[in-house]
1. Modelled label-to-label distance, Glu99 and Asp11, 7 Å Cα→beta-carbon offset: nm?
2. Once amide H atoms are built 1.01 Å from N in the peptide plane, which residues 5 or more positions from Val60, or in another chain, come under 5 Å H to H?
3. Given R₀ = 35 Å, FRET efficiency for Thr181-Arg55 by Cβ-Cβ distance, to 0.05?
4. At a Förster distance of 25 Å, what's the computed FRET efficiency of Arg205 paired with Gln41, Cβ-Cβ distance as r, to 0.05?
5. For Lys113, list the lysines whose Cα falls under 26 Å from its own Cα; do not include residues on the same chain fewer than 8 positions away.
6. Between the range 47-89 and the range 95-157, what's the alpha-carbon centroid distance in Å?
7. Which GluC sites (Glu not before Pro) in the range 95-124 pass both tests, a DSSP loop state and at most 12 other beta-carbon atoms within 10 Å?
8. Quick one: if you take sqrt(5λ) for each eigenvalue of the C-alpha gyration tensor of the range 86-233, what semi-axes come out, biggest first, whole angstrom?
Amino acid sequence: MRVIGATVLFDADDWVVLDKPAGLLTTPRAKGEASLVGVAQRLRPKSAHWHPLSRLDASVTGAVLFALSDWAIATAAAAKEAGEYQRWYAGLVGGAVGEAAGEWSWRIEDDPKDRTRRRCGEGPASVEALTRWTRLGAGERATALGFVPVTGRTHQIRLHAAKAGVALLGDVAYGGARRLTSATGAVLAVPRVMLHARAVRVPGRPSVVTSPWPDDFAALQSALVPTMGPWPP
């Protein structure tokens, strides 16, 4: 089902999962600004809340779970506390990743030079951050990675990938390439940060809600990483 601004991936009881397109804010910065929250409000106008459990950056795509009641918000908080709130992301990064899987645990803090950015650091205001990753496929100039963010810090996956030396393609804020040459010599433009919220598990339900691959992500993946394993696994 599609509503204005997004596709509905799941809609039952006190939960909604929306498929966020690139360019749409998750939450509005000013009254009346277009956002995914506004889509949820139009879809479920009588709900008590429209609380997104993930706040994807404007250029990031994929599944966002909304809690629509006090009970759902409390249930989601309990799931997070118990480590049972599960999300799966996928990204295209520049360069090679040798290991099949691993984790990144650099702490994150505000960037004092730019309030819109964060950085990896050990300052007194830094917070713990943990990202688990799996290599999904590799090409000559890029690698596809699956990510499971154990914590949910602002820009966490983007920062950790950059710190590891494999910034997400298109993530110019943290050193990602805006264009890349394929193995055939074609110059490929990267229109945005190549990060996609692939799937989320609704608390208390066994099924995983999956977002389809966006066209721009799928096209770049096909050109740079011809074979990519399933995600979630």
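1. The answer from the label model is 4.3 nm.
2. Gly23
3. Values: r = 34 Å, r/R0 = 0.96.
Calculated value: 0.55.
4. Values: r = 23 Å, r/R0 = 0.92.
Between Arg205 and Gln41 the formula returns 0.65.
5. List returned: Lys163.
6. 20
7. On the way: sites: Glu99, Glu103, Glu109, Glu122; in loops: Glu99, Glu122.
The qualifying sites are Glu99, Glu122.
8. Details: eigenvalues 116, 85, 35 Å².
That gives 24, 21, 13 Å for the three semi-axes.
Coordinate-derived values only; no laboratory data. Owing to the predicted nature of the structure, the values given are computational and were not obtained by experimental measurement. Cβ atoms come from the backbone with ideal geometry, glycine included; neighbour counts cover every protein chain shown.
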